[in-house]
Each structure stands twice: as C-alpha cells, then as structure tokens.
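For reference, the structure is listed below as structure tokens.
Every number in this text was worked out from the coordinates using simple rules, so none of it is lab data. These numbers were taken from a predicted model, which means no experiment stands behind them. Heads up, the Cβs are rebuilt from the backbone with ideal geometry, glycines too, and the neighbour counts pull from every protein chain shown.
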Amino acid sequence: MPSIKKYLAGFAIIISIFITINNCQSDVPETSKSEVNLNHLDHLYEDVFFMGDTVGIVHIYCEYPDYKWVDDSDEGIACIDDVARGAVVYLKDYELSNSQSSLKKAKRLLSFISKMQAENGWYYNFVFPDLSINETHQNSVAQPGWWSWRAIWALLNGYKIFNSIDAPYALELKNQLDSTMPLIKEYLPKTELLKTVEGIQVPTWLPYESASDQAALIVICLTEYMQLFDDTSLIPYANKLADGIVAMQVGSETEFPHGAFLCFDNLWHGWGSSQSYSLLIAGGYLNNPKYINAALFEIDNFHRYLIENKFLQEFSIEKTESGYNTLYEKEYPQIAYQLRTMLYASTEAYKVTGDSKYLKFSEEILKWFSGKNSANTPMYDPLTGRCFDGIQNEGYVNKNSGAESTIEALLAILQLEIAQK
C-alpha cells in the first residue's frame, strides 16, 4: 500500500498541473459572441425587377405583432434613406464575416440607388408599390437633401469594398460619384455671413442657412471621397462646412447645453446629429485639432449629460445676458437613430485618441438597446434582429420594427464590434 507521503506528493503534482492549465486558459482572451443578427433586415429586404435589372429594396414599415410589411400610399414602399443605410449594414457585415450573401445584397441595394439618380444628378427617394418613382412628394424630390447625401455615403462605402474584389463594378460606382460631387461645390453657399436667432449667432453658409446636421453628412461624404481619391480640390469645401458646424456649438462644461452642436438655428434634436463624428474624421484627415477638440468637447460633456439624464429628443434655446435659457424641451420619442450617431462619435473618438474611455463610453451607449433606458425595456432583440421603433414615453414602447430602427441598431452594433477588434 503506498505511503501517505507518496499519495500527497502525487496529489500536489495533479493540483499544480490543474492550476497551470487554468492559468494558461485565463490568459487566452474570450471571444464574445456577435450580437449582429440580420434576420429581420433580411425579412425587410426584397429583390425586385426595376428599370431593367434585379435590384434590392428595403421595405420601410413593419408592424407588431406579426411583423409583416406595411406600405405607405403617400410615400411608397422603399426609399433611398433606408436602402443606403441597409447597404452599409451589409457591407460592414461582409467586412466582419466575409458573408457572400451580405455582399450580394449590398450590391443589389447599391444598384437600386444608382437607378434612382435623376437627370439633374441628385436622387429621388421613394418608389411606389408598382415600383414607379415618387417624383413629387416633398421628401422624394431629386434635390440636395438627406437622401442624396445618404446615397453618396452608401456609394462611397460600396467603392471601398468593391475596389479590391470587383474593379469593374467599383469603377461604375466611381463614375456615379463623379457625376454628383461637382454638384456639391455648386450647391454650397458662397458667402460666410452670420444671422441671429433668439440671441444666438449662427452661420448661414450651411445647408438651409444653418442646418449643421445635414452639413455633417456632407462633411462625411467629402472626407471619405478625399481619402479614397485624394481630391484636394474638396478641402476648402470641407473646411468651410466644418467651420460652420463648430460655430453651432453652444454651452460649456457647467452651462447647458454643455457643448452641443445645434442642428438648425436655435434647435437641437437627437436624430441624425452626426456633427461630432464628422468633425473627428475631417479633423483627422485634414490634421485640424480645432475640429477634433470641438467634437471631443461635445462627447465629453453633452453626450455624457444625455446618458446621465436618460436622453432627450429635442430642445430649443435662447441666449440672454445671463446665459442660455431653454425655450422648450422634449424627452420623447427616443429612437435608435439618435443612439447610433452618438456611438459613431465615441468609437471614432477612441480611434482618433486611443483613449479607452471612449470605447467604454460606446459600450455604455449601446446599453440603451439592451434595456438601460427610461422604459427599462430591451429595444433590440439579438434572437430576431428586430429593433423596436422607439420609446414613446416612459411607460410605452412602440413595438413596430421598421427599416430605420432595425438598420440603425445594426449599424451601432457593427460599429462597436469593429472598434473592439
């Protein structure tokens, strides 16, 4: 019979081996499972025969509880606003997963965008159920506006991917872009005047004489185009718009609205507020610390304020001798579109500065989708890929799940997962 001494020695060796294996395993980073689920977006996606080709569309509305497509007789069944953002989701998913299905859908959505270009170079937005183009609705006219900027943004994202895997198609996208970029130069105001709204001086050389939210999307397009094609002729236009965005920043660390970029005149709203993100990418490309610092100031102060106060939807202010006064304020509705733009800014801040606090801040923003919100309700379901359309008030969530909310949630998740790689 073995002695107790030998038994204990053998047991000690076993324990030592176990501890060594366990320590080695703990040094191996865990790979977190992706939260990206394209099932609902795939449900909203449809291949259609349009203007001689098979292209992709994304149905606009989808309603609880059965989540079938819902058409809008006034606007249509699909629009560039959603198709462009959907194309970017599929392109980013291809970057992460090499999914050929996502690449195919992205290409077909980009083909839809290309066919929506009008003779004047701008883009129509909506198509009706019979796939005729809605040329008259105020949100569909071929003119410089949100849907035209988004069309350009999606085409740029498409070119970045296809240039290395399908050069002939990438050239088609570049030719499409080159037919629109000169129009931006002609569209932008030539003067640099200020106007006063409720005591606040705002620049009139932005779109619609102070729309910094639209200016931000144009700056994103100009910067990405310059990065891809080294077109230095666009630098003065990007600088001018970026300077105008900076001029829309109001408040201080201690004074509301804490460095927010007003969106239009004396108004701020959550949806589409990409000013910080646009200044960060422009500031990085143009090597202009003024743009970067202004963006970081909004993120560090105003975005932090929004999180700590469970977000706002909209407010307007006036400036008096004693400071800024709030004229009105709305908490709701709160939608994915607002959270995504904030997260894009914070992930870009992490990329520009290397400071991990911005990555943690991005993770904090994303918690709105998992239930850290005023309704205490998960807004995005990773099992289905649906994102609810919004929080209507503290006690009510709109459980419809249309294109914009689902796409914006997926863009936010994809952006963070790419930043974490």
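Fewest first, what order do HIS137, HIS258 take by the number of other Cβ atoms within 10 Å?
HIS137, HIS258
Hey, what's the Kirkwood Rh for the stretch 34-141 if you take every pair of different alpha carbons, in angstrom?
About 14.3 Å, per the Kirkwood formula over Cα pairs.
Gain in length, SER101 to ASP243, computed as 0.36 nm per residue apart minus the alpha-carbon separation, to one decimal in nm?
Separation in residues times 0.36 nm, less the Cα-Cα distance, equals 47.0 nm.
Compute the signed sum of charges (Lys and Arg +1, Asp and Glu -1) over the other residues within less than 12 Å, Cβ to Cβ, of THR191.
Computed value for this residue: +1.
Using mean Cβ contacts within 10 Å as the protection proxy, how do 188-201, 267-280, 370-383 order, highest first?
The packing order, highest mean first, is 267-280, 370-383, 188-201.
What's the exposure ranking of ASP74, ASP130, ASP300, going from fewest to most Cβ atoms within 10 Å?
ASP130, ASP74, ASP300
Could you tell me which label, among [x] 1.01; [y] 1.05; [z] 0.98, carries the value of Rg/Rh (Cα atoms, Kirkwood Rh) calculated for this structure?
The listed entry that was calculated here is [y].
Please report, to two decimal places, log10 I(q)/I(0) for the stretch 296-421 at q = 0.13, 0.17 Å⁻¹ as given by the Debye formula with identical point scatterers on the Cα atoms and no solvent.
-0.55, -0.88
Send over the semi-axes of the stretch 180-319's equivalent ellipsoid, whole angstrom and largest first, taken as the square roots of 5 times the C-alpha gyration tensor eigenvalues.
Equivalent ellipsoid semi-axes, largest first: 25, 17, 12 Å.
Would you tally the net charge around PHE315, using a Cβ to Cβ cut-off of less than 9 Å, leaving PHE315 out, and scoring K and R as +1, D and E as -1?
Net local charge, PHE315 excluded: -1.
Sort 350-360, 35-45 for me by packing, meaning the mean count of neighbouring Cβ atoms within 10 Å per residue, highest on top.
35-45, 350-360
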